[in-house]
Structures are given as C-alpha cells and as structure tokens.
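Below is one structure, written out as structure tokens; comments come after it.
The values are calculated or read from the model by the stated rules, or taken from the named source; none is laboratory data. What you see is a predicted model; the values in this text were computed from it and never measured. Virtual Cβ from ideal backbone geometry, glycine too; neighbours counted across all protein chains shown. The protein model used for the area step is the full one, side chains on, heavy atoms only, and it has no ligands, DNA or RNA in it. Shrake-Rupley method; radii C 1.70, N 1.55, O 1.52, S 1.80 Å.
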Amino acid sequence: MSSTLHTPAQHASATKGAKERDTYLTADYGWKSWLFTVDHKRIAVLYLISIMVFFLIGGTFALLMRAELMTAKGDLFEAETYNKLFTMHGVVMIFFFLIPSIPAVLGNFLVPIMIGTKDLAFPKINLLSWYIYLVGGGATLYVAITGGLDTGWTFYAPYSSTYANTNVAAAAIAVFITGFSSILTGLNFIVTIHKMRAPGMTWFRMPLFLWAQYATSLIMILGTPVLAITVMLLALERTFHIGIFDPALGGDPVLFQHLFWFYSHPAVYIMILPGMGVISEIVACFSRKRMFGYHFIAFSSLAIAIFGFVVWGHHMFVSGQSAYAGFVFSFLTMLVAIPSAVKVFNWIATLYKGQVSLETPMLYALGFIGLFTIGGVTGLFLAVMGLDRHVHDTYFVVAHFHYVMVGGMVMAFMGGMHFWWSKMFGRKYPEAMGQFAAVVIFVGFNFTFFPQFILGYMGMPRRYHQYNDEFTALNVLSSAGATILGTGFLMTIVYFLWSLKWGQKAPQNQWDAKGLEWEKAQSPPPTFNFEDGERIVVTEDAYAYTYEESHTGSGHEVKK
Amino acid sequence: MWKDLPLYPEQASTIAQPVDLLYFFLIAVSAFFALVISVLIVIFASKYRKSRPDAKSAHIEGSTLLEVIWTVIPLGLTMVMFAWGTILFFDQARMPADALEFTVTGKQWMWKVQHPTGQREINDLHVPIGKPCRLTMTSEDVIHSYYIPAFRTKQDVVAGRYSELWFEASKLGTYDIYCAEYCGTEHSKMVGKVTVMTQQDYEMWLSGAVANETPVQAGERLFTAMRCITCHNSTSTARGPDLTGQFGKDVRLASGASVNFDAEYVRESILNPAAKTVEGFQAGLMPTYQGQLKEEDILSLIAYLKTLGADKSAQGAAAK
Ligand SMILES: [Cu+2]
Ligand SMILES: [Cu+2]
C-alpha cells in the first residue's frame, strides 16, 4: 500500500492525456490479466459474470418447475426429475447466486472505494475466494449433469444420508467448498473496514452499505463453518455409515436440523442485510437527503446479525423439538423482526421533505420496501407457533421466503446494479427501458408469488410434483406470473449488455450523489481507485446532501 | 366466483376456527402496516417530488422519539401474536386424557394406521365426530409429516422416536391428508383422506372393516411369543424387572440416575437394552430385538404395557 507500488497501468497513465486515463478495465488486456488479477474491481466483475451464469441456470430450473405445476397432474416430468429440479433450483440460487450476489459483486467493487483505499486488505485471498467459488460451482454442475440431486436444498437426514439415490456426497462436498469462499470474503471485508479506512472516515461516517457489509461478514465467518461441519458429517455418514443422523445407525435426525438451521437461518440475513445496505444508499441519493436515523439503521444491522443466530428453532416447531424450546425460539424471532421494521420506517421517513426522483434504482428501492414488508410480516405468521403448525412446509413458506429473497434481495441487487452500473462500466443503461423493466419485474413477481400465500393457507404442501385439482387456478396464475418475471429479467440482462457498447458515456457522478465512489473516483475507476497520489481525507458525514457547502463540510464534521 | 376460490380450507376440527381467527388477526395487522407504508411512499414520493435540479432537501437527522414509537408499537403487537400463538400451540401439544388412541406408521410412501379396536387402514383414516383422537406416530424410514389442513394440524413423523398429534373433528365430511415433509420420489403421492363420521357410522364402519387384534391384544400375544414374559413377571425368581404398573412411573437406573418409563424408553429398552440398565438387574441379560420386531409390533407392546397394571386382571395374567 505504499507509494513504491507501481503497476504498468500507472506508468501508462502518466504518459496519456488527462482525459483518457486508464481505467481498471483498460489497464491491461488479455485473459491472464483477468484470471490472475488481484484488483477487487476485476474480481467483482468476474463474480458478476459467474453469478449471472448461475442465476440463469437456477432461473431455468424455476421456469421448468412452474411449467410442471401448470397442471395438477404430474405430466410434464417424472416425479424424480421434478424433485431434482426444485433441489437444484434451491442449491444454485442460494449458494451460488443469493449469498454471493451483493457481497461478492457490489461489496467487492465498492467496499475499498467507499472507505477511500486502493484495494481490500488481502487482494490475493480475494482472488482465491473466487476460485474456490468456481470449484464449488463446478462441482455442483458436475452433480447436476451426473444424475442431479433430489434431497431438497435442506439436505434433511436420514433421507439424504441413507435413502436418496442421487450423488449427495458430491453435493455436500460442493457446498462445503463453496462455504470457504464466503468465509474468505467476510474475513477480507472485516479486516478492510477495520484497518483501511481513509483518514477522517470514522465508523459513523461510513455509508450504511458498509455497515450492512460488515454485519453480513460477521455472519459469514461465524455461521458458515457450522454449515461446513454439518454437510461434512452428512457426507461421512453417507459414505462410511457412521451413525450421526440416521436413527437406524444410532443417530438423531433432528440434530441435523438443528445444525443445518443454525447456519441457514443466519444465512437468510447474509442474503438480506447487504440488500438493505444497498437500499439505504439508493433512498438517500434519490431523496437527496441524509438517511433518517442513521445510527438506528447501522445498529439494527448489527442487531439482526447477532439475534439472527438464536432463532433457528423456528424452522422446527413441528419437528419433534420440545414445545418449550419452541416457546423460546418463537419469542426470540419476534424480537429479531423489530430491527427490520425499524429500517423500513427509517427509509420511509427519509423521503419526508426530500427531493424525490424516481429513476430505475429508486423504483427498485421502493419496490423493495413494499415487498420486503410483506415478506417480513408473513415471517411472523410462521414464527407464531399456533399458526405455523398449519402453514409449515406449505406454499405459504415458499411465498414468504421468495418475498424476502426475490422481492427483497434480488430487487436490491437489481437496484444496486442500476445505481452503480455507470460507476462499474462507465456507460449508462437506457433509463426508460430500465424503468419499464422494473415495473414488469414488480408486476410479474407479485403474480408469481402472491397466489402462493393463498395456496399455502389452503394446505398445498411444498415440493409437490402433483397436486389436487382445486389448486389449479392459483398455480396457473403463479406460472403465468413467472413468465412475466422471467421476461423482465431477460430484458434487463439484454439492455445491460447492450449498454456496455452502445450506452451513453457516463460522467463521473451520474446521480450527483454523495460518497467517495462518486465524488472522488472516475467512472470506471482506475486500478487503484483514485487519482494517482491523491490522499483521500474524509471531512463530512455520509449523505451530506443537505449541508450548506458540501465540500468544506459542515458543523458536524469535527467531533473533537 | 369466490365460492370457487376459497381463502381458507374447511374448518373441520375444534381448533380450526381459533387458528383462522389468529390468522385473520395477523392479516389485519399486516394489511394495516402494508397500507400505511405504501400510502406514505406514494404521498411522499409525489408531494416531495424533485422540483428543480438544484433544490435542496430539508436537513433532518432523525428523531429518537419516533424511533422509540416505531420500535415499541410493533414490539407490542408481536408480543400479542406471540402469546396468542403460543397458547394455541400448547393447547395442541397437551394430549387429552380421554382420547381414542390411534397408531400411525409412515413409510415411503404410505401411511399405515391402526384403530384402538384393531382395524387397520392404509393412507385413509376414519374418525368419529366430537371425540378427541390421539395419534402416536413413528416412521420406518425417513422423516414424514402428517398433515390435515382441514384440521389445521400437522406433526413430523420421525424414525426412532414417537411424535403425537391430537384433534377433535367437528364437521362431517372427507378431507385431505398430506405428507408435508419431503420424503423422496413419491412424496406428493403420500396422501390420503380422513373421513369424519357420526359415532354410529363409525361403529358401523369398524364392524364392517376386518377387525384385527387390537394393539393391546397384539402386544399381549407378542409379550408371550417373544418370550418377554419368561424374564418379566412378578415371580421372585424373575430375571428381569416386573413391568406391571410401571408405565408413566420413574425407574431408578444402576447408574443412579432415574428415567421416566415412557414410550421412548420402552422402545429403547427393546431395541437397545444395553443403553440403560435398571438398578438391581444384570446388564446385558436382555437380548436386543432389533430387526425382529417391526415398528407396529413395538407400538403394540407399548400399548400393552400401558394397560398392564392399569387394571388388576391384566396384572394377574402377566404374572402367570
Ligand atoms: Cu429462519
Ligand atoms: Cu413426504
């Protein structure tokens, strides 16, 4: 990190005119410069490409499932094929799209720039994490091609450990490997945020996106090892018949569920917290206002990360877990709902007396707030024990977590991609198309998943290849919605790709936004993010939209 | 049109209505918040629509009072939900004393049910109206989940342990039974129908169905046939503890600990006798019956041991 570090890029930039400075994209050419890069921004792009591949694969599985569910009879696929479809859909979307989406793409790209430094603390580990991700992803695709997996993404024992005929051990190892990529990303973010903030970038001047990344990273490094242990034990039992989970071997199947959810509930927050961070950035920028209740939003991220670890039993009220344990888990789950509600109220209060404009990122952000609210409150239905007995393992659950994961996280990811697209690639996406696609996605999403709440309460169990006739109408509606939703996503991918070449050139600060990435770094940024030799010193709070003279700071800057 | 698209399943058990009531309460609270939030978004987004490119927003840092308000109100509401839901759940977790005792064994991919009077059925279930029915359930293989939406109840069925479920049907008719826990290829075909009948019809149905031995009779037969009785009797030379009147009591173990003589414990004693040794008896004497007794047989033995000592005549029979 000293000034003696010179790359070819820097030498090149010295000889060029000030107008055409090298960006991280043009600093070097050839596949080696990408595959061996240690630049956090290039790694972010590598991640972006890979998660989009998995998103398309997972999305295809989803559409095939919805096609099967158009009719009550199981007529399109064999039951076994259908089971493989929903399993692979879950595994791919959760482990290879949702978990890495915002942290590994937007987080990787933005964390160092937002705190005013050149790169993450461990650039090589950052690259390693991408390679690990690829190995895990490759192993998963291998499983998909060689017969698939039919355990559900939850891998419940003893079905997975003894009865399934698919390649569970390989899938378990794939998940095991992939876990390390999130552990390394988390580690990198935590160290970077602790140690590498630019002078003046105090904790409470950090953009809320960073608080969210920080909280997420905590969960990643504390939770993921438990998942790794769990799937390892599963692979051991399956391969060597060591009795851990299968009662026939003296094991306990409910133990598996405890271990699995000890990771997988916090993992839900790995999937949503970074999204909340993105929403905070967008809402502040498009209201041109300081975030209302900054401290409350920052601390609510930490509260969610911590409380998230003690509520796993709410997945197990009818599993045979003691009713008294259920009592405690239900209570704690009620508490963890509060910080999320606090965030929602603060976002809305930020709009108050702002200067609101509704470009694509803001449309996604507002959509997020609405859909996440529905996802959140329906979570309460499941956390209330007396109701969960009825709706557990039905389509109600499916609808609930898609409202959180797709209505929440994917909307936030889309919003974030539109917001920072010009920063990442120097070109603007077509705004009108963007707004249109955002509306299409919002409508398609609700058509797809709202009917599933009703299906669930009517009693349709999840993971059903065929179902009773009476559920047909709502299922057809849901499948129709899925095609709209799919079209929306495809449109977005197409115009994003189009804009890379034909999009309008973007200025440094497309949105006239606050934050180091907009005010100090060009679009796209050079390899070391800021002007050669520029020392970043932060003199104002995040979101200084309303201070008198933004560059000299305000009365809030000096706290001594 | 709304007739064809109902929003909740039939209310066919005594708890269906209370559960739906709680559901409507949660919907009302959710709808209220969703409405407030979307109305505020629409109002703010239009009223504070950006006017001029250089227009400035008001400088507002936040408000601790508001933060407290929107923490405390949702907290209070969730506590109401929590209390209400917990009470409902515990009502269902506590088994009524005077229930009809059914046994249910799940296996890939069928439900095997036995009535208190010995009749067996597969996938389907016939129950009388207005009588609490208690299902003691286990699985022969993977985890299943016994789910009757019209009764608003479900319980996972797990190999190696007994789970219990009770309901009191309140409306005549036929309703769906589903397996709710994914259990492999034919998971979606592990379904059946529960028929709620009047007491009279139920008795007619019972007499029409082939009556097997009742679980208690089967248990008594097995107790002799499997030679349990050679060790477990009340003679002074018995090599094993007398099991009469033991069910539900505490047993002192050689290790000094004590354990409740319940279904799980009986199951463990039969399949893995070495796990716990009763005080004053020789460890390793009782053979394991792993692989010799099916899940249903063990359920029958448990049913029999429950009655042993509950009435004196059975006690005498065991001693002979
Ligand atoms: Cu959870
Ligand atoms: Cu099943």
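Using alpha carbons only, how many degrees (0 to 90, rounded to 10) separate the axis of helix B:295-307 from the longest principal axis of chain B? Around 70 degrees separate the two axes. Binning the alpha carbon pair distances of the protein assembly as shown at 10 angstrom intervals from zero yields the distribution 2, 12, 20, 23, 17, 12, 7, 4, 2, 0, 0, expressed in whole percent.
Dividing the convex hull volume of the alpha carbon atoms of segment A:258-345 by its residue count gives 81 Å³ per residue. Per residue, segment B:215-315 exposes 53 Å² of accessible surface when a 1.4 Å probe is rolled over the protein heavy atoms with every protein chain present. Among the listed pairs B:Lys131/B:Lys189; B:Lys131/B:Lys171; A:Lys514/B:Lys50; A:Lys32/A:Lys520; A:Lys353/B:Lys50; A:Lys32/A:Lys505, those whose Cα-Cα separation exceeds 19 Å are B:Lys131/B:Lys189; A:Lys32/A:Lys520; A:Lys32/A:Lys505.
The residues of chain A expose on average 34 square angstrom of accessible surface per residue, using a 1.4 Å probe on protein heavy atoms. The reciprocal of the average 1/r between distinct C-alpha atoms defines the Kirkwood hydrodynamic radius, which for segment B:122-180 equals 12.1 Å.
Summary value for chain A: 17 percent relative contact order, contacts being C-alpha pairs under 8 angstrom separated by 6+ residues. The Rg/Rh ratio for segment A:32-512, using Cα coordinates for both the radius of gyration and the Kirkwood hydrodynamic radius, is 0.95. Phi angles of segment B:83-89 translate, via the Karplus equation with coefficients 6.51, -1.76, 1.60 and θ = phi - 60°, into HN-Hα couplings of 5, 4, x, 5, 4, 4, 5 Hz per residue; Gly and Pro are given as x. Volume of the convex hull of segment A:137-190 (Cα atoms only), normalised per residue: 74 Å³. Put simply, the amide H of B:Met95, placed in the peptide plane, has no neighbours under 5 Å, leaving out anything fewer than 5 places away on its chain. Annotation note: trypsin sites (Lys or Arg not before Pro) in segment B:1-102 located in DSSP loop regions with a Cβ neighbour count of at most 14 within 10 Å are B:Lys3, B:Lys56, B:Arg94. Helix A:411-425 and the long axis of chain A differ in direction by around 30°, with both axes built from C-alpha atoms. What the phi angles of segment B:239-253 give under the Karplus curve with 6.51, -1.76 and 1.60, with θ = phi - 60°, is a coupling list of 8, x, x, 6, 9, 5, x, 7, 4, x, 8, 8, 10, 8, 9 Hz, glycine and proline written as x.
With respect to chain B, whose longest principal axis is taken over its alpha-carbon atoms, helix B:199-208 is tilted by about 50°. With N the number of residues in segment A:431-511, Rg(Cα) / (2.2 N^0.38 Å) evaluates to 1.54. Using a 1.4 Å probe on the protein chains only, how many percent of the accessible area of the protein assembly as shown belongs to carbon and sulfur? Carbon and sulfur atoms account for 65 percent of the accessible area of the protein assembly as shown. Buried area at the B:A interface is about 7700 square angstrom, summed over both chains, from accessible surfaces computed with a 1.4 angstrom probe. Only alpha carbons enter this Debye calculation for chain B, each as an equal point scatterer, and the log10 of I(q)/I(0) it gives at q = 0.07, 0.11, 0.15 Å⁻¹ is -0.44, -0.83, -1.25. Kirkwood radius and radius of gyration were both taken over the C-alpha atoms of segment B:5-125, and their ratio Rg/Rh is 1.25.
Only helices enter this figure: runs of n ≥ 4 DSSP H residues, each worth -39500 (n - 2.57), summed and divided by the residues of the protein assembly as shown, yield -17500 deg cm²/dmol at 222 nm to the nearest 500. Each Cα pair under 8 Å and six or more residues apart adds its separation to the average, and for chain B the resulting relative contact order is 15 percent. In segment A:347-361, burial by the other protein chains removes 30 Å² or more of accessible area from A:Ile348, A:Leu351, A:Tyr352, A:Lys353, A:Gln355, A:Val356, A:Leu358, compared with the chain on its own (1.4 Å probe, ligands and nucleic acids ignored). For A:Arg290, the residues 5 or more places off, or on other chains, whose built amide H falls under 5 Å of its own are A:Tyr545, A:Thr546, B:Ile60.
Taking θ as phi - 60° and the Karplus parameters 6.51, -1.76 and 1.60, the scalar couplings of segment A:338-355 work out to 5, x, 5, 4, 4, 4, 4, 4, 5, 4, 5, 5, 5, 5, 4, 6, x, 10 Hz in sequence order, x denoting glycine and proline. Could you give log10 I(q)/I(0) at q = 0.12, 0.18, 0.25 Å⁻¹ for segment B:215-315, computed by the Debye formula over C-alpha point scatterers of equal weight, without solvent? Each listed q corresponds, in turn, to -0.35, -0.85, -1.76. Annotation: segment B:97-140 has a Kirkwood hydrodynamic radius of 10.8 angstrom, from the mean reciprocal C-alpha pair distance. On the principal axes of its alpha carbon atoms, segment A:406-559 extends 68, 42, 25 Å, with the longest extent given first. Under 19 Å of direct C-alpha separation, and excluding same-chain neighbours fewer than eight residues apart, B:Lys249 reaches these lysines: B:Lys276, B:Lys306, B:Lys312.
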